[in-house]
1. As an exercise: evaluate B:Leu165 against (1) touching a residue at least 12 places away in the same chain (Cβ under 8 Å); (2) open to solvent by less than 20 Å² (accessible area, probe 1.4 Å); (3) over 30 Å from C:Ile299 (Cβ atoms) and give the number of the one condition it does not meet.
2. For A:Leu176, only one of the following conditions fails: (1) out of contact with any Leu (no Cβ under 7 Å at 6 or more places or on another chain); (2) farther than 20 Å from A:Gly100 by Cα; (3) within 14 Å of chain D (Cβ to nearest Cβ). What is its number?
3. For segment C:244-291, name all the residues that are at the interface with another protein chain (Cβ under 9 Å from one of its Cβ atoms), open to solvent by 10 Å² or more (accessible area, probe 1.4 Å) and part of a helix (DSSP H, G or I).
4. Can you confirm whether segment C:285-304 contains a residue that is modelled with pLDDT under 75, under 28 Å from the mean Cα position of the chain (by Cα), among the β-branched types (Val, Ile, Thr) and in the same structural domain as C:His32 (by TED's automatic domain parsing)?
5. All but one of (1) touching a helix residue (DSSP H, G or I) at 6+ places or on another chain (Cβ under 7 Å); (2) under 22 Å from D:Ile47 (Cβ atoms) hold for D:Gly164; state the number of the condition that does not hold.
6. Please find, among A:Asn116, A:Asn69, the residue that is open to solvent by 40 Å² or more (accessible area, probe 1.4 Å), over 23 Å from A:Leu168 (Cα atoms) and under 18 Å from the mean Cα position of the chain (by Cα).
7. Could you tell me which numbered condition A:Gly39 fails, if it satisfies all but one of (1) buried (at least 20 other Cβ atoms within 10 Å of the Cβ); (2) within 12 Å of another protein chain (Cβ to nearest Cβ); (3) more than 18 Å from A:Val167 (Cβ to Cβ)?
8. Working carefully through the options C:Ile33, C:Ile43, C:Ile37, C:Ile84, find the one that is without any contact (Cβ under 8 Å) to a residue 60 or more places away in the chain and under 23 Å from C:Phe154 (Cβ atoms).
Amino acid sequence: MLELRGISRYFGGLAALKDVSIKVEKGEFVGLIGPNGSGKTTLFNIISGVLKPSSGRVLYMGRDITGLNPNKICHLGIARTFQIPRPFKNLSVIENVMLGVLFGNFEQFVPYSEENVKQEALKYLNFVGLRVDESTMPDELTAVGLRRLELARALATRPALLLADEVLSGLNKEELAEASSILKRIRDEMGITIIWVEHIIGALMNLVERVIVLDYGEVIADGSPTEVSKDERVIEAYLGEES
Amino acid sequence: MFEQIINAAINGILLGGVLALLAFGLNLIFGVVKIIHMAYGQFVMLGFYLIYVLTVQLHVPLIISSLIAICAMAVLGILTQLLVIEPLLDAPRLNQLLALAGLIIVFENLAMVIWGADYRGIPLYLPILHIGNFYIRFSCLIAFLGALMTLGLLYLFLHKTYIGLAIRATAQDVEIAKVMGVNSRLIYFVTLAAGGALTGIVAAFFTPIYTVHPHFGSSFTIMAFIIVVLGGMGNLLGGFISAFIIGIVTSVSAVLTTAEVADIIALLIFILVMLVRPQGILGVRGT
Amino acid sequence: MKSPWVKKLFLLLILVLLVIFPAASPSPYLVHIMTLIFIWAYISTAWAYMGRFGLVSLGHGAFLGIGAYVTALLFNYFNLSPWIGMLIGASSAAFLAAVLGYACFRFGVIGDYFALVTLAVGELVALSIIALRDTTGGSLGFTIRNLGNAPLYFQFSNKVYFYYLSFLFLVFALYLWVRIDKSKMQKALRAIGEDEIAASSVGINIIKYKMTITIISAFLTGIGGVLYAQYITYLNPHTLSGVEVSLAIPFKAILGGMFDMWGPTIGTAMIVSLEEYIRVSYGTKFIGISEVAYGIALIVLIIFLPKGLYGTLKEMKIFKNERRRQYGCNKRKEVILRGR
Amino acid sequence: MLRVEKINVSYGEFQVLHEVSIEVKSGETAIVVGPNGAGKTTLLRVISGLLKPTSGAIYFDGHRIDDKEPHEIVELGIALVPEGGRLFPYLTVYDNLKIGSFAKRARGGFRRTLEEIFELFPILKERRNQLAGSLSGGERQMLAIARSLMSQPKLIMLDEPSLGLAPRVVSRVFEFIGKIRSQGYSILMVEQNARKALELADHAYLLESGKLEFHGGREDFLRNPYIKKAYLGI
């Protein structure tokens, strides 16, 4: 479904990503981990079109999407959430999600009527378990609420592939389990392929089927959670010092 | 024709020195207070009028009236900070921009009310040097050397004193400068005072060269903007270099075409740089 | 404004009053002032189309000048009726806006950078008009050929026609504002104004919407230039283009409050009245004193009422409801947090 | 030495800290642990005067400081090592250290303190003329700590000193903090890396969603079953 071919990205001479090649199949639930500054978010920014790679290509459903604008990529069916939630603060929570419905993936276009769009938006808000009313503004939500809003807005664009960026950061233990179960349900019930970046590795390892590890902008491991946690280089770079 | 161009280029370099001084002040204010001082050129205009009033109407010697003007402009800078900039420090950038643009209207029309729309100049005739086929105005030469000296002193101030260091630190990260014990409010006042004083100095150097009228300032604001943007906003070294580039480009193109076309060319450069590389074309950074 | 019904009746009343105003007015001078208010209110409303979405242009003088000059030059030199010339003039303004907008949006020039670029463009157009002095008359300006009463050539011996005409234009601009508010575009532009990256990641085509609103705004402003030039039958680069006009337009809108559809109109009414009042009471003794007062008023207003006069008043009026709403929600927020 | 009494802090409508009280005794090290977004950084910002509490009081050495400006608080002897170091990247290492001694009480002793610092961190002496932005992550954190020492503080506040550093470097940074601690400075440290930080602590606080959930000596902390599970992973 998604294929990265030799992606590199430099910031003023510093390499954030070096020759990264990854393949993700339809229906997979992939975790992407790595220490701080290893290039995870940069990779997401490149896939979603916010950044252009210095070299390499991004292929999606066999089509070259390198360097397309983010809105174009969203229309093709790739949605993302942001590491630091970026709600539109002057729009209500429902309006935030309605934007996704209105401007998202065109293939399943809903005829424009305020009511239709609102119902559609509420559907996604319900799915992620965020119950709000008409007038709730994003700044009234807490950390968990904002994460849910991010997910609902991304889902509202009706993606085939979801890039989830640190959905768990800022949450406490109870909230962790719940938020990660939502991700699982998105994959299982909606059939959306997910790539999940996370720095809370414990929660991720329990859920995903495959883990890719980045370190200093390079892929150092790719395999099932059990394989990866046994990998020498991963332990060296990451897990080893933790325990 | 070729000689004319060379001569224009030389004049451009001489002019560039003063422009560098002007741009330095704008740049310093932008770098430290993070504010685009829209009414900066109008300070020069007011300084010019002040010198005019003191020398021509009150018969104060030029040097002394220049010094008075420099101090007065520093005070005006402080007042601007106190009355306009400080209340808007946490406001959206555009509100700051528009309030300072409001100052343009106030200053220009105030000058109009007091001095009317006539051109005023100081009757001071300095010799023109002939070197071979080239003509260099002595007043330009003085302005150039004076500007370079001022810039040198500014460099020493910024690099050798505690307060200079605090200014440079504040430019990079106000919040951390504060927790280092820097009183940022004081630093802002010092910066605006220094920026104001610089416009006074520029006015003093320009008195023998130009005549003044109420709308005299805006062309200097625009010129200073162009230089600052070309060199990269907040980049003092870049501003210094691009002052000479702009000085040469405008005076050479003024000789080849007309003064308006020269201004149009400068504006086009400005727009292009803003579009393509708002961080400036000179990729160096130094404070 | 208790109910839509009362509000509609109130609007209708004002409409009727404005329509019969010229007949009832004690002096043509008042009609003249009202006409000026309509024209500038129309222009600053057109400006606020962009401004309220964070696209603050300080170069609308460019569009005003191009609209006016192209139309007037076509009339003076080729005898083309300003009714047709106006479309060409406004299209030229829109074309410049399209080129400028595309360049800015392509390279991601936003916020105060956008303001500075447009400021430069406004000045550029003014300088070009001066530089082309052989055709445009340069700084001295030029006068539109007088045909007496020639409605087909946008000239009326009775200035009352201009009153009604500019009134219609203003009503049209306000109507368009409402239409935009009900469209999908308004939602997109609000999102873009807040966070471009997030907006594009939910599929909003940033360049398309920003271009659309910029072109609409420039086209209407271009027509505004024609309206003003035809009314006073004289063009000058300093009154139609350049920094001063370019700043005066947004100032009017901001003074009233650019986020509300009535803001620009109210701001314009205030400034034009203030200018006229000072001019009449002090005459020509202190040329410029009214501008000084206006400049100071502006700075004070930006500092103390950043949402503009009308915007702030309106906010205060609904403030109580607003609070209650938020309070109610805070309670519910607890439910959202703890309930699950 | 430092006493924070029941402070409430809000960003606009959103309350970040609720009735938080902490205390650091002279010569002691206190740590505040808690997840991301719990309000730890906010706490340090309030103490250093960058943010004003809506209610409550802060006392330092008998002075009430919650209404003082940041530069006045520095003069009283509180130094902050901000999150991620926050050096002045375009100043040299030397200038970064010099600005550290900007407080009037520290200026006189600038030379002497500098010598001490160079002894403690020889690498900084080597790099004194390099731009701070060109240092490696670990060196930057060292410089940030050294810069705070330049003001000859009585209390040093560290904001997540381990953030963004490789595990090996983290150990080195904590070693240095231990060294500073042994020289008798009072320390208030905010950390996510609870296990490492607790090794240095005399007293610890747990902050969750802006509320102080637990506090006690190191031993009490290590014994608490909830903390053991949630933050120490035991």
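The values are calculated or read from the model by the stated rules, or taken from the named source; none is laboratory data. Because the structure is a prediction, the values reported are computed rather than measured. Heads up, the Cβs are rebuilt from the backbone with ideal geometry, glycines too, and the neighbour counts pull from every protein chain shown. For the accessible areas, the whole protein counts, side chains as well, though only heavy atoms, and no ligand, DNA or RNA atoms are used. Shrake-Rupley method; radii C 1.70, N 1.55, O 1.52, S 1.80 Å.
1. (1)
2. Only one criterion in (1) out of contact with any Leu (no Cβ under 7 Å at 6 or more places or on another chain); (2) farther than 20 Å from A:Gly100 by Cα; (3) within 14 Å of chain D (Cβ to nearest Cβ) is unmet by A:Leu176, namely (1).
3. Listed by number, the residues that qualify are C:Glu244, C:Ala248, C:Ile254, C:Ile289, C:Ser290, C:Glu291.
4. yes
5. All conditions pass for D:Gly164, except number (2).
6. A:Asn69 is the lone residue from the list that is open to solvent by 40 Å² or more (accessible area, probe 1.4 Å), over 23 Å from A:Leu168 (Cα atoms) and under 18 Å from the mean Cα position of the chain (by Cα).
7. Single failed check for A:Gly39: (2).
8. Details: C:Ile33 fails: without any contact (Cβ under 8 Å) to a residue 60 or more places away in the chain; C:Ile43 fails: without any contact (Cβ under 8 Å) to a residue 60 or more places away in the chain; C:Ile37 fails: without any contact (Cβ under 8 Å) to a residue 60 or more places away in the chain.
That would be C:Ile84, the only listed residue that is without any contact (Cβ under 8 Å) to a residue 60 or more places away in the chain and under 23 Å from C:Phe154 (Cβ atoms).
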